[in-house]
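Presented below is the structure to which this report refers.
The values are calculated or read from the model by the stated rules, or taken from the named source; none is laboratory data. Values in this document were obtained by computation on a predicted structure and should not be read as measured data. Every residue, glycine as well, gets a Cβ built from its backbone with ideal geometry; the counts of neighbours run over all protein chains shown. Surface areas here come from the heavy atoms of the whole protein model, side chains and all, with no ligands, DNA or RNA. Shrake-Rupley method; radii C 1.70, N 1.55, O 1.52, S 1.80 Å.
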Amino acid sequence: MNRTLRIWRGDRTGGRFVEYTVEQFDGEVLLDVVHRVQATVAPDLAVRWNCKAGKCGSCSAEVDGRPRLMCMTRMRLFPPDQPVTIAPLHTFPLQKDLVTDVSFNYRAAQKVPAFAPKERPGDGHRVDQVDVGRIQEFHRCIECFLCQDVCHVIRDHEENKAAFVGPRFMVRLAELEMHPLDTADRRAAAVELLGIGYCNITKCCTEVCPASIAITDNAIIPMKERVADRFFDPLGWLFRAIGRRR
Ligand code: SF4
Ligand code: SF4
Ligand code: FES
């Protein structure tokens, strides 16, 4: 069967959608068909991928307007008689065709205060399973940045990128902050460096996460609660003030 893809072609100076019709076989994913376009009719098409197994997070794109991993998107999802539209991630500067410059995320990662483990006792650490279980889902993040792409705080507001690191790094913050062996207190950094107050819990990030991480419910909301305890709980403030005086 033949399938038509409408693929964004261009660079930072401009571009347009171009239609390509190529063969598609049963059981294929979108990345297979994009590769066939590249192999047969558009050898200069720029597209990023690595694992083709939903593990490396490289093949992110906007497919019919929704952020997706192309290697995990079955072609049977789309009506066979209509073209499938593929655009690069909108939140990051375009390099060429479907490839964007995601270096904003590497700078954001550097803002999260690093893991600060407890000193190891002679007979080793003891950690409760319930504490390990709580952060386990955060380890599934493949850094595809689909959540960053859909977050309205940074998607259409370049000026917010200096203040808010985006949902992926709220997950990283929670992963470290809830780690049973970590000793650092990142609550001030969450507000001042990472911009947690910019998130208004719309949950769009959670909806697109291919690793099914409950970004908003399990990472951002608990971190907002911890920050509120630290800065806005009057009893906590009083006890800290008395402690400082002593
Ligand atoms: S819940 Fe917060 S981080 Fe997630 S998309 Fe909405 S504003 Fe962005
Ligand atoms: S949290 Fe989910 S959507 Fe965001 S980068 Fe990680 S895997 Fe991708
Ligand atoms: S190619 Fe690795 S996640 Fe798609």
Share of accessible surface on carbon and sulfur in the stretch 2-100, whole %, 1.4 Å probe and ligands ignored, is 48 percent
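Keeping all protein chains in place and using 1.4 angstrom, which order do R6, R186 fall into by accessible surface area, from largest down?
R6, R186
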For the stretch 94-101, Karplus-derived ³J(HN,Hα) couplings (6.51, -1.76, 1.60; θ = phi - 60°; whole Hz; x for glycine and proline) come out as 6, 9, 7, 6, 9, 9, 10, 8
Expressed to two decimals, the chain has a Cα Rg over Rh, using the Kirkwood radius, of 1.07
Expected field for D131, accessible surface area in Å² at 1.4 Å probe radius, rounded to 10, holds 50 Å²
For the chain, the per residue accessible area (1.4 Å probe, Å²) is 54 Å²
Residues whose built amide H sits under 5 Å from the amide H of W49, excluding neighbours closer than 5 in sequence, are none
For K203, the accessible surface traced by a 1.4 Å probe with all protein chains present amounts, in square angstrom to the nearest 10, to 80 Å²
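Given Cβ point charges of +1 (Lys, Arg) and -1 (Asp, Glu) and nothing else, what value in debye, to the nearest 20, does the dipole of the chain about its Cα centre take?
Using only the charged Cβ atoms, the result is roughly 660 debye.
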Measuring from the longest principal axis of the C-alpha atoms of the chain, the long axis of helix 30-40 (C-alpha) lies at a number of degrees, nearest 10, equal to 40 degrees
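Beta carbons within 10 angstrom, averaged per residue: use that to sort the peptides 217-227, 191-201, highest first. Spell out each step's value before the answer.
Numbers: 217-227: 18.1, 191-201: 16.3.
Top to bottom by mean Cβ count within 10 Å: 217-227, 191-201.
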Taking Cα atoms only, helix 221-232 is inclined relative to the longest principal axis of the chain by an angle, in degrees rounded to 10, of 40 degrees
Rg (one decimal) and Dmax (whole number) from the Cα set of the stretch 107-216, in Å, equal 15.0, 52
Scalar couplings 3J(HN,Hα) for the stretch 102-118 by Karplus 6.51 cos²θ - 1.76 cosθ + 1.60 (θ = phi - 60°), nearest whole Hz, x for Gly and Pro, are 9, 5, 3, 5, 6, 5, 4, 4, 5, 7, 6, x, 5, 4, 10, x, 4
Along the dipole axis of the chain (charges at Cβ: +1 for Lys and Arg, -1 for Asp and Glu; origin at the Cα centre), the most positive-end residue among T91, A114, A184 is A184
For the stretch 2-100, the Cα convex hull volume per residue in Å³ comes to 92 Å³
In whole percent, the fraction of accessible protein surface over the stretch 103-245 that belongs to carbon or sulfur atoms, probe radius 1.4 Å, stands at 54 percent
